[in-house]
């Protein structure tokens, strides 16, 4: 069997992606609230963690999330120019670009880390992004980081 | 001179997957070596003494007072000796970057056993191996069975294999720090809590570095050290050269920067840091002064091998500690 077949086999039938979602307080977190009160439907795959600004996102949060079993990480911040703290989202943008390059070297698929600008009024956009991402991760299957880092291969 | 009647402590120095530099750093105590020998009996030190493994295995448990284990754990021999020395030692110190966090050998976690073997025994330009012979763990000859250690897929730090009392980081550790730690043990000073990283200052490299740093970094291009004309005074980061200083704990005396080379991060992270490389990503993301996505991508493209640079000494200790296959 190829690696791919073995991986497919190991996936439980009821497996659903788990996405750690870091949302900025001023835009994307409010958008997720709006999506809720507007009764928009999207897959229950995200675990939302509110941060004050996408610039607060320590790249350690992302590596922690993967090491503890997240299948993907979604980061939501204010549109460029709209940051409540002037330029936090630009810092986030640069970090995410660098992080993506590092994660690629670690063998992670690019789709597993996504940064989106979603303003407080874009509840619909939030639902779309989460649906799209869940779909993409469902296709990729579970992330192997946790399994790999927990077992030393001798 | 030490009092003749004072009992000497028993000391061992061992290398796992190491380059030998740590053992040499012990020799770098220079004339203080006499003070060391006055206070300690070196019972096991493969670089200098011909003590056999069987002799160590025959020692009583907890009979070695201080063991400096340098090097990562890369094969079954390293692991076996880690367990033996743990049992025989009262204080087991992970000495140097490799024992502390995996170090340079830990970069092999970007690869795996099969690719390494293939490269070395099949593909390398200087290899001629038509029969595709690979090292065998057991090999029968007429005199008996020959055994070589099993080469592991993953490189591990000492702390990932056995219980470690203290960590002394550095590639190699600054010898003065070793003498301080050694003297503290010999003179019976109170020791820090188990698991501490010792021989470090507690401040980041940047706090100890004397180069001029700007408050507002504005880097628009990343350079490799040979691409700039370093003025010897301005912070490397301000000049657009990646320096691990902001994420690295002090203790070495800013050796590399004093030698006009950027810090490589061998002393490891600050105490609260869980993932050293991630912290570097954070710092570099801050110092780049660009807002357009295409420009950001272009600058980040200029950083060669970011994972290998940021996790140069700490890959096996990172949150994502190896490349996924």
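Here, each number is a calculation from the coordinates, and none is a lab measurement. What you are looking at is a predicted structure, and each value in this text was computed from that prediction instead of being measured. Here the Cβ positions follow ideal geometry from the backbone for every residue, glycine too, while neighbour counts run over all protein chains shown.
Computed quantities for the displayed model
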{"read-out": "Neighbouring partner chain Cβ atoms per residue of A:142-150, average, 10 Å criterion", "value": "3"}
{"read-out": "Prolate/oblate/rounded call for chain B, Cα gyration tensor, a/c under 1.5 rounded", "value": "oblate"}
{"read-out": "Relative contact order of the range B:137-245, pairs being alpha-carbon contacts under 8 Å that are 6 or more residues apart, as %", "value": "19"}
{"read-out": "Computed E for residue B:214/residue B:258 - FRET, C-beta separation, R0 25 angstrom, nearest 0.05", "value": "0.80"}
{"read-out": "Rg and Dmax [Cα atoms of the range B:112-152; Å; Rg one decimal, Dmax integer]", "value": "12.2, 34"}
{"read-out": "Percent antiparallel among DSSP beta bridges (both partners in the range B:1-87, rounded to 5)", "value": "10"}
{"read-out": "Shielding by partners - mean other protein chain Cβ count within 10 Å, residues of A:38-47", "value": "0"}
{"read-out": "Relative contact order [Cα under 8 Å, 6+ residues apart], the range A:16-147, whole percent", "value": "38"}
{"read-out": "Two-site FRET efficiency, residue B:233 against residue B:142, from Cβ-Cβ distance with R₀ of 60 Å, rounded to 0.05", "value": "0.30"}
{"read-out": "Degrees separating the helix B:76-88 axis from the principal Cα axis of chain B, which is the longest one", "value": "60"}
{"read-out": "Most to least packed among A:101-108, B:221-228 [average Cβ atoms within 10 Å]", "value": "A:101-108, B:221-228"}
{"read-out": "FRET efficiency estimate (nearest 0.05) - Cβ-Cβ, residue B:121 to residue A:150, R0 30 angstrom", "value": "0.50"}
{"read-out": "Point-to-point label distance, residue A:139-residue B:41, nm (Cα→Cβ direction, 7 Å offset)", "value": "7.0"}
{"read-out": "The protein assembly as shown - Debye-derived log10 I(q)/I(0), Cα point model, q = 0.07, 0.09, 0.11 Å⁻¹", "value": "-0.45, -0.72, -1.01"}
{"read-out": "For residues of B:272-280, the mean tally of beta carbons on other chains within 10 Å", "value": "4"}
{"read-out": "Residue-averaged [θ]222 nm for chain B, counting only DSSP H segments that reach four residues, each worth -39500 (n - 2.57)", "value": "-7500 deg cm²/dmol"}
{"read-out": "Euclidean distance of C-alpha centroids, the range B:100-134 and the range A:140-154, integer Å", "value": "22"}
{"read-out": "Cα→Cβ-extended label distance, 7 Å offset, between residue B:61 and residue A:44, nm", "value": "5.2"}
{"read-out": "Footprinting exposure proxy for B:127, A:63, B:175 (fewest neighbouring C-beta atoms within 10 Å first)", "value": "B:127, B:175, A:63"}
{"read-out": "Simple label model, 7 Å out from Cα along Cβ direction - residue A:110 to residue B:114, nm", "value": "2.6"}
{"read-out": "Calculated SAXS-style log₁₀ I(q)/I(0) at q = 0.10 Å⁻¹ - the range B:177-325, Debye, Cα scatterers", "value": "-0.40"}
{"read-out": "Longest to shortest principal axis, alpha-carbon extents of the range B:145-211, angstrom", "value": "55, 37, 20"}
{"read-out": "Equivalent ellipsoid dimensions for chain A as semi-axes, Å, which come from the Cα gyration tensor, largest first", "value": "28, 19, 11"}
{"read-out": "Ranked packing of B:282-289, B:64-71, B:113-120, most packed first, by mean Cβ within 10 Å", "value": "B:64-71, B:282-289, B:113-120"}
